[in-house]
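Student: Below you will find the structure I want to go over with you.
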Ligand SMILES: [Zn+2]
């Protein structure tokens, strides 16, 4: 069972009154985590077969696309920003289904494309991640077993690198293409698994332990090159100018009020005036130092302690 670390911020309504499980403001998904989820801490959602099918398709995509999330790579030309995963999922914006030259996608060259896999696999990805999911339903585990089994029987070994296996219809090895872009091997380590002897953890672990880094091939990133590519935020000069104005303004107010008060006012009135000027000056200073735009993309969510 899980508990939220903060109470439910929603107001009590009829829905809450009708369900005694909702009377307590701390339980996670009404104490039923096997059947429900709560992504943002605001409302429980029943887990359906479609949710499971979505999760399964995501995991298979991770497996075939070098650990990359299927909805990573959508770009919004209007705002000149990458679309968040939440938004892309909500819009069924699966970047791999777009035209490769589309201005709405920004996919790096070192990840596979749908064309690197047979249509039996790519059609299932489209069915899982595009609006086809609404009309056709997401692919089931049985469908994936069929597609992946046929893919595994249609692989051929790369002539250039025996660690590479790819769809045998392709003219060129896609892993060689990607390694050429990356400049480093993706599959540099090969562990032998003896299928006929069953899974032996000690044997496998000994193989893992035997792997040693090869220092001559591990090039350190060039920090100077990386930092020379960094471009400062365009709003930075404006932020610096604003901060300087607020700081100078607050100092000016305190100094001017102090001098005038000492010269023209009675001692008690002068002290009061100086204190007031210090308070105003401090507020201006703090306002000038505050970030002009929030650093978080979205407000923090309620966190469940499971
Ligand atoms: Zn290859």
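The values are calculated or read from the model by the stated rules, or taken from the named source; none is laboratory data. Everything numeric here is computed off the predicted structure, so don't read it as measured data. Note that we place each Cβ from the backbone using ideal geometry, even for glycine, and neighbour counts take in every protein chain shown.
Student: So which of 258, 228 ends up being assigned to a helix (DSSP H, G or I) and in contact with a helix residue (DSSP H, G or I) (Cβ under 6 Å, 6 or more places away or on another chain)?
Tutor: Going through 258, 228 in turn, the sole match is 258.
Student: Name the single residue that is nearest to residue 52 (Cα to Cα) among those in segment 19-36 being surrounded by 15 or more Cβ atoms within 10 Å (Cβ to Cβ) and out of contact with any strand residue (DSSP E or B) (no Cβ under 8 Å at 6 or more places or on another chain).
Tutor: In this case the residue turns out to be 33.
Student: On to the next question. Restricting attention to segment 48-62, and to residues there that are modelled with pLDDT under 95 and exposed (fewer than 15 other Cβ atoms within 10 Å of the Cβ), which single residue is nearest to residue 174 (Cα to Cα)?
Tutor: The qualifying residue nearest to residue 174 (Cα to Cα) is 55.
Student: If you check 172, 81, which single one turns out to be within 28 Å of the chain's Cα centre (by Cα) and without any contact (Cβ under 8 Å) to a residue 24 or more places away in the chain? Spell out the reasoning first.
Tutor: Numbers: 172 fails: within 28 Å of the chain's Cα centre (by Cα).
Result of the check over 172, 81: 81.
Student: Okay, next question. Exactly one of these conditions fails for residue 230: (1) loosely packed, with under 10 Cβ neighbours inside 10 Å; (2) modelled with pLDDT under 80. Give me its number.
Tutor: (2)
Student: Here's another thing I want to ask about it. Could you tell me which of the residues 267, 294, 221 is modelled with pLDDT under 85 and over 30 Å from residue 28 (Cβ atoms)? Spell out how you get there, then give the answer.
Tutor: On the way: 267 fails: modelled with pLDDT under 85; 294 fails: over 30 Å from residue 28 (Cβ atoms).
Answer to the check: 221.
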